[in-house]
Amino acid sequence: MNDTPPPLSHADLLELKRWNTPTIYNGWEQITARDAGRECFNLEETHDFMPQMGPMIGYAVTVVIEPGNPDHKTANTNAWSEYRRYVASMPGPKIVVVQDLDKPATFGAFWGEVNSNIHRALGCVGAIVDGSIRDVDEMTNAGFKALARRLSVGHAYSTPVRWGCDVEAFGTPITPGTLIHADKHGFLAVPMEDTPRLLDAARSMDSFECQTMIPTARSAAGQSMEALLTEIDDACAQFGDLVKAKFSGKPGEWT
């Protein structure tokens, strides 16, 4: 029996894309059995080189590179073709997660204008690159978003070394098929067992904040400081009650 949950619908993914990654995290931490303080998000700093494109969401396809090693150019002359066929075979939307074996050094970029256009055609919306990228304007024009460590001028000996395998990016292990939400804050790699409840949880947590603490803080004008502090305490307690009522039971018992 296959216990893997089905992929989320395109409609669900569109809704999840409307929020930033911290909002998705707020929902996820309520439903996961993982350690939400230490797992499933980037532990190292990322840089969003296309923040104007907003968040991206998709399922991970993975590749390992080593641009500083010239031996890879001749080790498998069909590597690019075989790698592209792997990417094309996976359901989308897809985010390519790249582990660079040269880390902490950076010799060249696997990503640029050509690779971005090709991967966009293969159903990829962006990449998380624990290495470098180049051609930022051209990548943006292709509609391909990227989080990376830095920019590079050249590509060095960039070629796929292996793909469709577990990788580590920015201190976080990523398994192919993992749902990823990413923006200028970083990324969240949602465990497969948590994906069915993610949208409801994120939607609820965002709503609870908008019903309680945020409007209370924004209605502070004209109040004494003591009255404001009392209202904020009450709003925080109300928020906590809503969260507890929503998430204290089993998923099927949620209100």
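Every number in this text was worked out from the coordinates using simple rules, so none of it is lab data. Small disclaimer: the values here were computed from a predicted structure and weren't measured. Methodologically, a virtual Cβ is constructed for each residue, glycine included, from the backbone with ideal geometry; neighbour enumeration extends over all protein chains shown.
A compact table of results
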| read-out | value |
| --- | --- |
| Selected residue (criterion: nearest to L188 (Cα to Cα)) from residues of the stretch 118-158 that are touching a helix residue (DSSP H, G or I) at 6+ places or on another chain (Cβ under 8 Å) and among the charged types (D, E, K, R) | K145 |
| Selection from the stretch 215-242 of residues that are exposed (fewer than 15 other Cβ atoms within 10 Å of the Cβ) and within 30 Å of H10 (Cβ to Cβ) | none |
| Selection from the stretch 182-197 of residues that are of a type outside the set (V, I, T) and surrounded by fewer than 22 Cβ atoms within 10 Å (Cβ to Cβ) | K184, H185, P191, M192, E193, D194, P196, R197 |
| Helices (runs of 4 or more DSSP H) (entirely within the stretch 49-161) containing at least 2 residues that are of a type in the set (V, I, T) | 113-121, 136-141 |
| Options E226, E209; residue that is part of a helix (DSSP H, G or I) and in contact with a helix residue (DSSP H, G or I) (Cβ under 9 Å, 6 or more places away or on another chain) | E209 |
| Where a residue in the stretch 9-28 is touching a residue at least 12 places away in the same chain (Cβ under 8 Å) and of a type in the set (S, T, N, Q) and its partner, wherever it lies, is surrounded by 20 or more Cβ atoms within 10 Å (Cβ to Cβ) and assigned to a helix (DSSP H, G or I), with Cβ under 8 Å and at least six apart | T23/A202; T23/M205; N26/A202; N26/M205 |
